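Beneath this line is the structure, given in structure tokens, with notes to follow.
Each reported figure results from applying straightforward, stated rules to the coordinates on display, with no laboratory input. Since this is a predicted model, take the numbers as computed values, not measurements. As a convention, Cβ positions derive from the backbone with ideal geometry for all residues, glycine included, and neighbour counts pool all protein chains shown.
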Amino acid sequence: MKVLTLNSGSSSVKYQFIDTSTRTVLCKGLVDRIGISGTSLTHKRHDGHQVVITDSIVDHQTAINCILDILVDQKHGVAKNLSEIEAVGHRLVHAGAAFKQSVLINEAVRNKLYECIEFAPLHNPPNIKGIEASLNRLSATPNVGVFDTTFHVNMPDYAYTYGIPYSYYEKYGIRRYGFHGTSHYYVANRAAEIVGTPLEELKIITCHLGNGSSITAVQGGISVDTSMGFTPLEGLVMGTRCGDIDPGLIFTIADRENFSVDQANAFFNKQCGMKGLSGLSSDMREIESAAASGHQRAQLALDVFCYRVKKYISAYIGVMNGADLIVFTGGIGENSTLVREKSLSNLDNLGIRLDPERNKCIRSVESLISHSESKIKVMVIPTNEELVIALETERIIKNSH
Ligand code: AMP
């Protein structure tokens, strides 16, 4: 089946056109800076042909129109007409309590998705705009929603329940949901394939470290705990998100800075993390290079980031009473030798020993980076969320017939 995957963010739409039978990406691209000056569409075809189009793209509808046009463009495209798109798979961030698995989008589902906006006010609205725009142009094509939260739905209640009155779970659905589910799912499955052991027999800690970061404990193929929570703000220190803090800080800072609820939300999501700590950048490459040239707060940001990763990995070894594999993925996890080294340093008592040479692995290539005597194997596996979305989309459509 040929599936178009769409990942609609607030000012960008990423897409891939995937042939699921061969698992090949026919083309992929990104519309960036939607509604901002200097919008561009970068389109890459499987044969290496690439084009960048700069145009005024004012909203998600225009962005998706441009994507569909280029897919069937005589010079740059890969399809003769739009009917070659057999299905569209949308990445959706938060399913709230409404959806426990991927879903074929119809009128009732669309209404429910609007109800889920309150769970992720920053992420869900652009996701829904992407769905509306796709349905406007491809009304006869099945559209499927694949949620970031789905992989975590089978967490035990003691892992997803917060220490607040239980009635808030019942009334508002407040619980840990977890995110990056398609990524954790993909790398856990791929790791099991690589070591040749059924996923059901493995204890795996998957570390998705990117601009947003989360760590998941995967036992027998099930996410039994994950570092992000009701929102993606909890857990690791991220590019601009604070991760775990004393909740009391929210009141103290809001009080001192005279923040409204919305201002406080924006502050903890956009001004904290590596950006706030370093005073320099949210980008790990910049942090690493500044730290190397003696920038003390960049060094502190790096230390805080890696220490938090180490704490979660150690905790999840406890949660599962051991681990067989640790997997690094995401822009930082796949590329940063230094972050992997610092995060796993001095964990030999827990059975973790990196091989320094293997840890210098070629960027974004599947690699085993632990020492041959390490009890727990450590791997780098490039993530492939789009493939999971495409395969899920195909599965849902086949099941609906
Ligand atoms: P993602 O959100 O998964 O695209 O990851 C983005 C993050 O990966 C940014 O903080 C980048 O600085 C970081 N990153 C990408 N390449 C490298 C690298 N070679 N070394 C360190 N960090 C990197």
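Among residues of the stretch 322-340 that are in a loop (DSSP other than H, G, I, E, B), those with a beta-carbon under 9 Å from a residue that is near the ligand (Cβ under 8 Å from one of its atoms) at least six positions away or on a different chain give the pairs Ser336/Leu209; Ser336/Met284; Ser336/Arg285; Ser336/Glu288. Residues in the stretch 284-307 that are in contact with a helix residue (DSSP H, G or I) (Cβ under 7 Å, 6 or more places away or on another chain) and away from the ligand (no atom under 15 Å from the Cβ): Arg297, Leu300. Within the stretch 346-366, residues that are within 13 Å of the ligand (Cβ to nearest atom) reach partners that are outside any loop (DSSP other than H, G, I, E, B) and aliphatic (A, V, I, L, M) with beta carbons closer than 7 Å, at six or more positions or on different chains, in the pairs Cys361/Val380.
Close contacts from the stretch 287-304, counting a first residue that is under 12 Å from Leu277 (Cα atoms) and assigned to a helix (DSSP H, G or I) and a second that is away from the ligand (no atom under 15 Å from the Cβ) and hydrophobic (A, V, I, L, M, F, W, C), with Cβ to Cβ under 6 Å and a gap of 6+ residues or different chains, come to none at all.
The number of residues in the stretch 323-344 being closer than 15 Å to Val195 by Cα and β-branched (Val, Ile, Thr) comes to 2.
For the stretch 367-384, name all the residues that are within 16 Å of the ligand (Cβ to nearest atom), under 19 Å from the mean Cα position of the chain (by Cα) and of a type in the set (A, V, I, L, M).
Taking the stretch 367-384 and keeping what is within 16 Å of the ligand (Cβ to nearest atom), we get 367, 369, 380-384.
Restricting the remaining residues to those that are under 19 Å from the mean Cα position of the chain (by Cα) gives 380-384.
The answer is Val380, Ile381.
Residues in the stretch 255-313 that are of a type in the set (Ser, Thr, Tyr), more than 21 Å from the chain's Cα centre (by Cα) and surrounded by 15 or more Cβ atoms within 10 Å (Cβ to Cβ): Ser278 only.
Within the stretch 370-401, being closer than 22 Å to Ile326 by Cα, buried (at least 19 other Cβ atoms within 10 Å of the Cβ) and polar (S, T, N, Q) holds for Ser370, Ser374, Thr383, Asn384.
Right, Glu86: more than 30 Å from Asp69 (Cβ to Cβ) and among the acidic types (Asp, Glu) or not? Spell out how you get there, then give the answer.
Numbers: more than 30 Å from Asp69 (Cβ to Cβ): no; among the acidic types (Asp, Glu): yes.
It is false that Glu86 is more than 30 Å from Asp69 (Cβ to Cβ) and among the acidic types (Asp, Glu).
Okay, residues lined up against (1) in a strand (DSSP E or B); (2) crowded, with 17+ Cβ neighbours inside 10 Å; (3) touching a residue at least 60 places away in the same chain (Cβ under 8 Å):
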site	(1), (2), (3)
Tyr15	yes, yes, no
Cys27	yes, yes, no
Ile34	no, yes, no
Lys44	yes, yes, no
Val52	yes, no, no
Ile64	no, yes, yes
Ser83	no, no, no
Phe99	no, yes, no
Arg110	no, no, no
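Restricting attention to the stretch 370-400, which residues are basic (Lys, Arg) and in a helix (DSSP H, G or I)?
Taking the stretch 370-400 and keeping what is basic (Lys, Arg), we get 375, 377, 395, 398.
Result: Arg395, Lys398.
Which of the helices (runs of 4 or more DSSP H) contained wholly in the stretch 157-262 include at least 1 residues that are among the basic types (Lys, Arg) and more than 16 Å from the ligand (Cβ to nearest atom)?
Working: elements: 157-160, 166-172, 181-195, 248-257.
Counting at least 1 such residues, we get 166-172, 181-195, 248-257.
Let's see how each residue does on (1) of a type in the set (Lys, Arg); (2) under 25 Å from Lys342 (Cα atoms); (3) surrounded by fewer than 17 Cβ atoms within 10 Å (Cβ to Cβ); (4) in contact (Cβ under 8 Å) with a residue 12 or more places away in the chain:
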site: Ser139; (1), (2), (3), (4): no, no, yes, no
site: Pro142; (1), (2), (3), (4): no, no, no, yes
site: Gly163; (1), (2), (3), (4): no, no, yes, no
site: Tyr172; (1), (2), (3), (4): no, no, yes, no
site: Arg175; (1), (2), (3), (4): yes, no, no, yes
site: Ala188; (1), (2), (3), (4): no, yes, no, yes
site: Glu200; (1), (2), (3), (4): no, no, yes, yes
site: His208; (1), (2), (3), (4): no, yes, no, yes
site: Gly212; (1), (2), (3), (4): no, yes, no, yes
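In the stretch 349-369, the qualifying residues are those that are in a loop (DSSP other than H, G, I, E, B) and of a type in the set (A, V, I, L, M, F, W, C), and the one that is surrounded by the fewest Cβ atoms within 10 Å (Cβ to Cβ) is Ile362.
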